[in-house]
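See below for the structure under consideration.
The values are calculated or read from the model by the stated rules, or taken from the named source; none is laboratory data. No experiment lies behind these values; they were computed from the predicted model shown. Cβ coordinates were reconstructed from backbone atoms using ideal geometry, including for glycine residues, and neighbour counts include every protein chain displayed.
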Amino acid sequence: MATTTVTPARPRRPAERPAEAWHALAPAEVVARLGGEPTGLSAAEAVVRLDLHGPNRLPRAARRSALARLAAQVHNLLIYVLLVSAAISASIGHPTDALVIFGVVVANAVIGFVQEGRAERSLDAIRAMVDPTASVLRDGHRVTLPADGVVPGDVVLLEAGDRVPADLRLTSAHALRVDEATLTGESVPVDKDVAAVAADAALGDRTDMAFAGTFVTAGQGAGVVVATAGETELGRVGAMIGAVERLTSPLVREMDRFARQVTVVVLVASVAVFAYAVGVAGHPVGDAFMAVVGIAVAAIPEGLPAVLTITLAVGVRRMARRNAIVRRLPAVETLGAVSIICSDKTGTLTRNEMTVRALVTGGREITVEGAGYAPSGGFLEGGVAVDPAADRPLEELALAGLLCNDADIRETGGAWIVDGDPMEGALVTLAAKAGHDARAARERFARIGAIPFDSRHRTMAVLVDRGTDGPVAYLKGAPEAILAASALEATADGAVPIDVGHWERAVERLAAEGLRVLALARRRLPAGTDALAPHDVAAGCTLLGLVGLIDPPRAEAVAAIEECAAAGIRIKMITGDHAATARAIARRLGLGDDPPTVTGRDLDGADDAAFRRLAAESTVFARTSPEHKLRLVEALQGTGAVVAMTGDGVNDAPALKRADVGVAMGLKGTEAAKEASEMVLADDNFASIVAAVREGRTVYDNLTKVIAWTLPTNGGEAAAVVLAILFGAALPVTPVQILWINMVTAVALGLTLAFEPTEPGAMRRAARTVGRGFLAARLVWRIALVTALMVAGTFGIQAFALARGHGPELARTMAVNAIVTMEIFYLFSVRFAHGPSLTWRGVVGTPAVLLGVVGTVAAQLAFTYAPPFNAAFGSRPVPLADGLVVVAVGVALFAAVEVEKRLAARLGHRGAPARAGTPRRRG
């Protein structure tokens, strides 16, 4: 096929070209505006345009280098304070202290670095990136070339199985269907034609366009390229992703604030004590400086960053067992603070498997049981089982759906999947439930003619040989088209004249329930008919009935939504589907009897205040665009909510990136969605999100326990040193002994709290209020109480030892053991933040706690009785009787804290009341 190529005037670059409503123009006008020809571009012209517009390729998001990932692990004020402490320790002749502190920082960085690397490798394992090709007309001939070689003005040929390489204005469409779920969220393939649509038509309603990245599921077509690379709808979403600023997580913000608070307190206290020691008490500068170092070493929780990171890493491993792959460690805890989950519908809340739910035939309505493509489930009429083999109208309706069909179902790996159109697959499953064997029926009633589905007439017809019944044509398609072609309706006793009004009301009733409705009919043709023409089925048909289909909710999603309601988490369903379908699914999911629903058009017409109100008050958002999803997330965050967003398509990526926690689907999610997210679900299941939220709450509880344990114990040590200086008394413990305590207990005791299981009732508490920080009023009171008890215990033991005639070395040894013993007993108390510790579970503890206690006791025995440790730390062996007194001090502290917990519970003193979160700092 030869062609004469007209070279147009040099067009402007894509970034300069004004947006065109190509979907509102006729195909011929589009071709003319682009300076092309219906028969395609010449090879020479294509080279010129490729040089001008560049390759049809979207830039891949750059990953952080290994060095950048490593540097990010130490970018924290508390880490900087630790490094300064290590430098000071080294400068005053304490290299051991400096090495220990530096080792903690290195361990913290390595743990975070390794975990993020594992997450990236996990994502690589589930990616399946394929460089597509495209079939285009060049010099009048069909050629196949890499998709990045497509240029504006090219004529692209499409057929089933192709991925659309660029944005196309369709010039021909024969039974063409395109899956646009990744771009629009539409749950079923869209019928395409060439008729122009309104200029203001929503993206999902531009039926004369095929968009880059979408997938052709059926039929054939052709289209002229109107946009490539960054100018496509896909590229526009990519640019939107780049413009979205990712927010810092609540944990990172709270840890930064906590680090500043600790730093200020330590520095102020150190300077004040140094000034007092030198200026008032008259201590030598060197001695005063060493005392200040002791205060700093005691007060700074040098093991906290490592423990926090390990706590997050433990949560990551637990989530991985629940099919949730975490890409960034802080996201683990952020999930626990989530108060709103904005969820995609298709495949996340639903099975992404079309299922026949209702049949209307012969004046009866029948409910079909089962879900998905598995051929199991019965038929109910008014709650009474129906035998399809004895019900001729039902049996023929199912058979018609099987024969007028190009799909098939098969079992693989224990799951049933469809080969072909999802709705046609549902009809095959319906026939199997009715007792038909698909292969046997198709062989027995051989197809001898067909009219493929045509989007203009919205019907498909086949001609089959029914043996003694002669040739029969079966039709399926849009109800209005089938009703227009029908003169009769089938009943159990034969056929009677059709009552069109009755059937139209039935269609409206099914559609109001959110079902997609198909109608099926038949027409017997004269014997010897061996071909099928459109006029054969244009009139005189017998309506067999209606079929109502839906993508059913996941059973586990329904249970997960109930759990979210108990946890004070609101669910908002955001979908590209139509409002009626979305509302029906929301009802089935338990999101309300009449969930408030708005559409993208409603959102477009709302000003900022109205938009925020609709975002807060509505439950279902239908026919939404990427901009809508992004604005919804931002509007909800503006109320102080912590928002998780789920999605799988390119259209979800901007909102995924903006959300506090973006959750992408691993099985069916696009690369763009995964790159924009903090977490990827390996099973695409909403229930896995809720399990991850539960784990996130556990992580935050454990982090709070770590802080509630660390600050009082460190505070007690520091306060003892400060009081000794203020009152001119001998230090109850030396700086090196303080470092020993922190080194042993932070690892052997504090770390065990990272492994605490979920407390009972974790998902029956409201989501925590973001912005309150770790140091809530309740925790500050606990820190003050335990600090005072530890100071009293430390000085009490020192005084007891000196009163018994022991030397200062033994008195300090007993004080060190008293501090460690109090920390052990306090550990058992702090393990339960929301209940008493005097239970069997509290006494026995977890394996990690028991191992930590055993390790700590062994270390203290070595510290007390091993000569090398006696020489290094100035410790002395403690007599047995005195050791029992040391243990008694720990028991007393435990009893005092438990009494305080009981009194607080009775008084209802659970901390400050919930309040809205503070505005977020962008990161």
* Structure fact -> The lone condition VAL155 fails out of (1) over 21 Å from LEU312 (Cβ atoms); (2) at pLDDT 75 or above; (3) aliphatic (A, V, I, L, M); (4) not assigned by TED's automatic domain parsing to the domain that holds VAL48 is (4)
* Asked: So which of LEU145, LEU137 ends up being assigned to a strand (DSSP E or B), at pLDDT 85 or above and over 18 Å from GLY54 (Cα atoms)?
  -> LEU137
* Structure fact -> Of the listed residues (ALA24, ALA72, ALA90), the one being over 29 Å from GLY213 (Cβ atoms), under 44 Å from the mean Cα position of the chain (by Cα) and modelled with pLDDT of 60 or more is ALA72
* Those residues that are at pLDDT 95 or above and among the basic types (Lys, Arg), I need them from region 358-376; list them, please. => none
* To do: Among the strands (runs of 3 or more DSSP E) lying completely within region 394-478, list those that include at least 3 residues that are hydrophobic (A, V, I, L, M, F, W, C) and farther than 16 Å from ALA521 by Cβ.
  => 415-419
* Can GLU353 be described as in a loop (DSSP other than H, G, I, E, B), of a type in the set (D, E, K, R) and closer than 21 Å to LYS668 by Cα? -> yes
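Residue by residue, here is whether (1) out of contact with any Pro (no Cβ under 9 Å at 6 or more places or on another chain); (2) surrounded by fewer than 19 Cβ atoms within 10 Å (Cβ to Cβ); (3) at pLDDT below 75; (4) of a type in the set (A, V, I, L, M) holds:
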site: ILE725; (1), (2), (3), (4): yes, no, no, yes
site: GLY728; (1), (2), (3), (4): yes, yes, yes, no
site: PRO732; (1), (2), (3), (4): yes, no, no, no
site: GLN737; (1), (2), (3), (4): yes, no, no, no
site: LEU753; (1), (2), (3), (4): yes, no, no, yes
site: PRO757; (1), (2), (3), (4): yes, yes, no, no
site: ARG764; (1), (2), (3), (4): yes, yes, no, no
* **Enumeration of residues in region 678-703 that are of a type in the set (A, V, I, L, M, F, W, C) and within 19 Å of LYS657 (Cβ to Cβ)** => MET679, VAL680, LEU681, ILE689, ALA692
* Asked: Assuming THR346 fulfils every condition listed in (1) in a loop (DSSP other than H, G, I, E, B); (2) over 30 Å from VAL547 (Cα atoms) apart from one, which condition is it?
  -> (2)
* For ALA580, all conditions in the list (1) under 26 Å from the mean Cα position of the chain (by Cα); (2) surrounded by 20 or more Cβ atoms within 10 Å (Cβ to Cβ) hold save one; what is the number of the exception? -> (2)
* Asked: Can you tell me how many residues in region 193-213 are assigned to a loop (DSSP other than H, G, I, E, B) and either buried (at least 16 other Cβ atoms within 10 Å of the Cβ) or not small (Gly, Ala, Ser) (or both)?
  -> 13
* To do: Kindly indicate which of ALA512, ALA539 is over 26 Å from VAL188 (Cα atoms) and surrounded by fewer than 13 Cβ atoms within 10 Å (Cβ to Cβ).
  => ALA539
* Asked: Which numbered condition trips up VAL151, out of (1) surrounded by 24 or more Cβ atoms within 10 Å (Cβ to Cβ); (2) in a loop (DSSP other than H, G, I, E, B); (3) within 33 Å of the chain's Cα centre (by Cα)?
  -> (3)
* Structure fact -> GLU381 fails exactly one of (1) out of contact with any Asp or Glu (no Cβ under 8 Å at 6 or more places or on another chain); (2) among the acidic types (Asp, Glu); (3) under 26 Å from GLU489 (Cβ atoms), namely (1)
* For region 318-340, what are the residues that are modelled with pLDDT under 80, in a helix (DSSP H, G or I) and not acidic (Asp, Glu)? -> PRO330, ALA331, VAL332
* With ARG447, ARG439, ARG458 as the choices, which residue is assigned by TED's automatic domain parsing to the domain that holds GLY377 and farther than 24 Å from GLY219 by Cβ? -> ARG439
* Could you please find all residues in region 795-835 being among the basic types (Lys, Arg), touching a Ser or Thr at 6+ places or on another chain (Cβ under 8 Å) and either farther than 30 Å from ARG764 by Cβ or in a helix (DSSP H, G or I) (or both)? => ARG812
* Report yes if GLU396 is surrounded by fewer than 22 Cβ atoms within 10 Å (Cβ to Cβ) and closer than 20 Å to MET460 by Cα, otherwise no. => yes
